[in-house]
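K.L.:
Got a structure for you, questions after.
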Amino acid sequence: MRTFRQHFEKVRTSLRRSAVSCRAFIRHELAYRTGPLIALWILLVLYPNPFNIATSVHRVFNPDINPLVVEPLLDGLSSDPVAIEREILERIPYRYDWEVHGMPWYFPSTERVVERGEGDCKARAVVLASVFERMEIPYRFNSSLVHVWVEYDGKAETVFENPRAMFYQQDPETGERLFQLPEVEWKLWFDSTREGLWDVMPAFRKALLLLGTAFLVTARVVLRQNTIQSIDNVKVL
């Protein structure tokens, strides 16, 4: 019986020490590593599954062009690329990534876009490229800082879709990849980014983001003040 009690006391003492060490570690991290903790909090609020970021970045430079899954969209399409683009944009209504995928920025596969039937510029571009691929229409896949689009012979330029705004282009026919320093319309970039990333963010996510950040900042201030007071008390003694 005594041996059992001794063992129990050892375990309890060990758990207490572990709890004290854990609390001390948390207090230290909150007081002196607030920046990384805020960054981690923001990341997890925006992307509960951070691997989606790596997937999306990969697809920017290797878009999931899949001519097979767009077969249902080919009925009634013209052979004119301008008319095809107009029709595809009508069949795939524009929706922000927050609204479709629950993330601020996500590059979906063609199959997923066809299944959902909606998406932003990335989703519409990958479907249009797949249709062009299926119909053997030459095209180039372009990306700017705020937009993704498909370029083809006879396509009209717009504010967002023009060679000067592009930073990356891929030509699937030749395999050529082109990088360049884009001309940035900063007001358009800011307005587009704010609208797509913040304005349409769900209110619950905004609350999590702001309240969590406020908590971490407050914890830092309080813990740092307590640490300073403790040092001053030691000096007085």
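K.L.:
So E85 passes all but one of these: (1) part of a loop (DSSP other than H, G, I, E, B); (2) surrounded by 14 or more Cβ atoms within 10 Å (Cβ to Cβ); (3) more than 17 Å from the chain's Cα centre (by Cα); (4) not β-branched (V, I, T). Which condition number does it fail?
P.N.:
Failing condition for E85: (1).
K.L.:
Can you tell me which residue in the stretch 111-124 is farthest from D64 (Cα to Cα), limited to those that are in contact (Cβ under 8 Å) with a residue 40 or more places away in the chain and over 18 Å from the mean Cα position of the chain (by Cα)?
P.N.:
Within the stretch 111-124, the match that is farthest from D64 (Cα to Cα) is V114.
K.L.:
Quick test for you: out of N142, N162, pick the one residue that is surrounded by 15 or more Cβ atoms within 10 Å (Cβ to Cβ) and in contact with a strand residue (DSSP E or B) (Cβ under 7 Å, 6 or more places away or on another chain).
P.N.:
Going through N142, N162 in turn, the sole match is N142.
K.L.:
Enumerate the strands (runs of 3 or more DSSP E) found wholly within the stretch 114-181, keeping only those where 3 or more residues are under 20 Å from R91 (Cβ atoms) and touching a helix residue (DSSP H, G or I) at 6+ places or on another chain (Cβ under 7 Å).
P.N.:
148-151
Readers should treat all values here as calculations from the given coordinates under stated rules, not as data from a laboratory. Worth saying up front: this structure is predicted, and the values here are computed from it rather than measured. Ideal geometry is used to build each Cβ from the backbone, glycine not excepted, and the neighbour counts take in all protein chains shown.
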